[in-house]
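Visitor: Here you go, one structure.
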């Protein structure tokens, strides 16, 4: 059975063509997306505010939750977990939550909703979130977690590590221990005797908004050279409160990073607190690829004179490969491998074909899965299947000459993060499948790939939590990291009953 999210080539393009005949902003396309959002959210979250009568939901709470799930869940998650008991960073008595919702805050990627919600609706939404924060109201129950079967295989899920915050990066050391990057700026080694040991020696981490300690990757010949590659957000030495994404490498000795080398710093540094990327991958020739988001300035993605909205390629010691596509363009960043990306947070090498696959966040709708190729332009923001968070149109164009079409796109957004190809044969029927996580809907999507196309997809591990990272272990087990609470999970196959 085809996934509900399977690519429909003509549908969004046709919707956007309707806008050519309608002078008022985006009514038809926006209402269609809104309806899709409600339908898909209802399918993925059977418990809603309407059936939480025992949870003291008022009519205003129910309306606020409906607005939340349709407009806010794509970034903040469907179950409001990140709001429970947290301290507000940008909300004060002089700047209440309703004002933040209405006016937005562009430097942290928060759009303004004053054209979307009335003041009454804004205040209802703010009051609802504050009730969730204080614990006087509970979010809708997400349903059963972690344990399921599909037509292909049975599995159950074991929590391997708990007590984390936002475990973004995960790697497997030869001695059987795990290396974990926690976004607030902590690097841990989880030992074989189940102790969580903090690793010293990190550079200064700019933990702000979507920035922090990000991905980890071992060198393909780690057993020989010991190099660990680390993505993080850096703070500029010359422009206070600005930064971008950086790549470093180091070696691990006695729970401390040594021989550290900064290989790359994205430019320009900006005060924006979102769209840092970042994922790291190596190909079979030993080249290193990494992603940097558009840093909240979408026009950068189409310009090759900056690092943002790009996939980059370097040698393992940080040098520029001589065949990089822009190496002879004096006006371009010579590290660029592909451009026109919004914010890629999943990247994986297809072990059968050597193709580099990635996914990226769209705005409101328009998340994409792509095969990343040298010198190609992936279109953002000149073409997109998404719209702005407040419902306004970014562009009516979904196709242009010289710009790549995605292998698959998602309307509404699933907020993809983490990507891996299944290796080995521990999971019958899942061999060579592409796995990608959903932050918004708390599941993993399994895609069957054939000749550069996705021919089948299904949701697995539903209600597992906000999926941040997916990795295959050296012994071919699937490991997943999730947020709220932060955990490392292991997917263990179970025999299919003959009954």
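Visitor: Any residue in segment 331-356 that's on the phi > 0 side of the Ramachandran plot: show its pairings with residues that are surrounded by fewer than 23 Cβ atoms within 10 Å (Cβ to Cβ) and in a loop (DSSP other than H, G, I, E, B) at Cβ separation under 7 Å, as long as the two are six or more apart or on different chains.
Guide: 340/403; 354/283; 354/284
Visitor: Across segment 129-165, what is the total count of residues that are modelled with pLDDT of 95 or more and surrounded by 20 or more Cβ atoms within 10 Å (Cβ to Cβ)?
Guide: 2
Visitor: Still on this structure, please answer the following. Just give me the residues in segment 332-365 being in contact with a helix residue (DSSP H, G or I) (Cβ under 8 Å, 6 or more places away or on another chain) and either outside the structural domain of residue 411 (by TED's automatic domain parsing) or assigned to a loop (DSSP other than H, G, I, E, B) (or both), in sequence order.
Guide: 340, 341, 342, 365
Visitor: Still on this structure, I have one more. Any idea which residue in segment 206-236 is surrounded by the most Cβ atoms within 10 Å (Cβ to Cβ), counting only those that are assigned to a helix (DSSP H, G or I) and either without any contact (Cβ under 8 Å) to a residue 40 or more places away in the chain or outside the structural domain of residue 419 (by TED's automatic domain parsing) (or both)?
Guide: So the residue we want is 225.
Visitor: Which of the strands (runs of 3 or more DSSP E) found entirely inside segment 407-499 contain at least 2 residues meeting this: within 18 Å of residue 345 (Cβ to Cβ) and assigned by TED's automatic domain parsing to the domain that holds residue 174?
Guide: Passing ranges, in order: 408-410, 416-421, 434-438, 443-450, 466-472, 478-483, 486-494.
Visitor: Is it the case, given these coordinates, that residue 286 is at positive phi, in contact (Cβ under 8 Å) with a residue 40 or more places away in the chain and not in a strand (DSSP E or B)? Reasoning before the result, please.
Guide: Working: at positive phi: yes; in contact (Cβ under 8 Å) with a residue 40 or more places away in the chain: yes; not in a strand (DSSP E or B): yes.
When the stated conditions are applied, residue 286 passes them.
The values are calculated or read from the model by the stated rules, or taken from the named source; none is laboratory data. Note that the coordinates shown come from a computational prediction; the quantities given were computed from them, not determined experimentally. All Cβ positions, glycine included, derive from the backbone under ideal geometry; neighbour counts span all protein chains shown.
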